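Notes for the one structure printed next.
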């Protein structure tokens, strides 16, 4: 440990972030007012966060020696993503590094089979699911619960990658073929809870949920158990990528919102999460919800909190990682809408700012990334009092930045 956090006071505390994406970039912005310093282990020179973090080094986060050398120079270690191998994180813990969240918690964001098994044990509502070893097993699952079904790789998927909607028996080969290509011909694919525990990559079959909408709730938890929740957001996903969030979720009654926050808080506590836990949900037509995914880091569905809450998810994540009292999650306006900016026909994002910023309510966050089709290059947030008007303003701004409107 470089320095000490005592009596709630911070003295020259360095937070190490693994991963140089936009989440690390926004964590760095939130660290400055708190007097926290940020060190960055980036994947490559010039990535999003490396553009703004002075203490940035480039290295392979999967290499134990590299991560240990980085971690020994910080007071606590946290993440821009969940892809650091557990064995590497355990080496850091064994060396006395405060890893937050730790590897025992992070497993459930890294491995969907382990997540489903653990949440089912807890009685948390999930889709019907099963780990399957062969295409025949996947067919049996589909015949049992009804087609279509969803197939996922247990590890490595994100933003819709590693996920297949399987409409019938004739399509069951595709997930296994993709898994075999990813693993290589000599690696074994197992099934069952033992496979999930051992870290093998498997196929998880899930019920296709004909949801009416998707929701997300964020919990932030300190090492000692203090936690706060943000209001539940409605999210719009297209091709597995979050496009828009509206907070609070329109039409969600207070009792159901409170119940969602309660079981999300329970998940964070029982898994031992430190920092942000994002619980992504699907709402059935009867109003019941099931858990879709977990993430243990600041999350795209919480970007609205920068302007829309008294304490952003990024600041509260850092407070938790540094074991400081958590801030209020109260909203600053009746409604907040965040719209992602995806790479499109407009290569000059900065050149589009005069038009977008002509609306004084629009707040823009650009990530310093080159524009590529479908790539997250920024987001806009608008806070207001009318849902429809606030959504329209956010969509107009993101549309213009994407090059879908002109003016």
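The values are calculated or read from the model by the stated rules, or taken from the named source; none is laboratory data. Everything numeric here is computed off the predicted structure, so don't read it as measured data. Methodologically, a virtual Cβ is constructed for each residue, glycine included, from the backbone with ideal geometry; neighbour enumeration extends over all protein chains shown.
In the range 9-25, the residue that is modelled with the highest pLDDT out of those that are surrounded by fewer than 23 Cβ atoms within 10 Å (Cβ to Cβ) and not in a loop (DSSP other than H, G, I, E, B) is 14. Each residue in the range 26-36 was checked for being surrounded by fewer than 23 Cβ atoms within 10 Å (Cβ to Cβ) and not in a helix (DSSP H, G or I), and 1 of them qualify.
Of note, residue 150 satisfies the criterion of being part of a strand (DSSP E or B), surrounded by 16 or more Cβ atoms within 10 Å (Cβ to Cβ) and modelled with pLDDT of 95 or more.
Here residue 356 meets each of (1) touching a helix residue (DSSP H, G or I) at 6+ places or on another chain (Cβ under 8 Å); (2) within 20 Å of residue 278 (Cβ to Cβ) with one exception, condition (2). Every condition in (1) under 22 Å from the mean Cα position of the chain (by Cα); (2) surrounded by 15 or more Cβ atoms within 10 Å (Cβ to Cβ); (3) at pLDDT 95 or above holds for residue 60 except the one numbered (2).
In the range 322-337, of all residues being more than 30 Å from residue 397 (Cα to Cα) and surrounded by fewer than 19 Cβ atoms within 10 Å (Cβ to Cβ), the one that is nearest to the chain's Cα centre (by Cα) corresponds to 326. Have a look at 141, 176 and point out the one that is in contact with a strand residue (DSSP E or B) (Cβ under 7 Å, 6 or more places away or on another chain), farther than 30 Å from residue 276 by Cα, modelled with pLDDT of 95 or more and buried (at least 17 other Cβ atoms within 10 Å of the Cβ). On inspection, the qualifying residue turns out to be 141. Considering only the range 71-87, how many residues are closer than 20 Å to residue 14 by Cβ, without any contact (Cβ under 8 Å) to a residue 60 or more places away in the chain and surrounded by fewer than 20 Cβ atoms within 10 Å (Cβ to Cβ)? Matching residues across the range 71-87 total 1. The criterion of at least 2 residues that are over 22 Å from residue 275 (Cα atoms) is met, among strands (runs of 3 or more DSSP E) falling completely within the range 37-110, by 55-58.
Inclusion of residue 341 among residues that are within 20 Å of residue 234 (Cβ to Cβ) and buried (at least 19 other Cβ atoms within 10 Å of the Cβ) is warranted. Contact map, the range 246-271: first residue surrounded by fewer than 21 Cβ atoms within 10 Å (Cβ to Cβ), second residue at pLDDT below 95, Cβ cut-off under 7 Å, separation 6 or more or different chains; pairs are 256/287.
Just one of the numbered conditions (1) touching a strand residue (DSSP E or B) at 6+ places or on another chain (Cβ under 8 Å); (2) surrounded by fewer than 18 Cβ atoms within 10 Å (Cβ to Cβ); (3) at pLDDT 95 or above is not true of residue 351: (1). Give the residues of the range 221-264 that are in a helix (DSSP H, G or I), over 17 Å from residue 300 (Cβ atoms) and touching a strand residue (DSSP E or B) at 6+ places or on another chain (Cβ under 6 Å), sorted by residue number. Answer for the range 221-264, where residues must be in a helix (DSSP H, G or I), over 17 Å from residue 300 (Cβ atoms) and touching a strand residue (DSSP E or B) at 6+ places or on another chain (Cβ under 6 Å): 260, 261.
Within the range 284-328, the residues that satisfy the criterion of being under 19 Å from residue 382 (Cα atoms) and touching a helix residue (DSSP H, G or I) at 6+ places or on another chain (Cβ under 6 Å) are 302, 305, 312, 313, 314. Of all residues in the range 289-319, which are surrounded by 24 or more Cβ atoms within 10 Å (Cβ to Cβ), over 12 Å from the mean Cα position of the chain (by Cα) and part of a loop (DSSP other than H, G, I, E, B)? Those that are surrounded by 24 or more Cβ atoms within 10 Å (Cβ to Cβ), over 12 Å from the mean Cα position of the chain (by Cα) and part of a loop (DSSP other than H, G, I, E, B): 304, 312.
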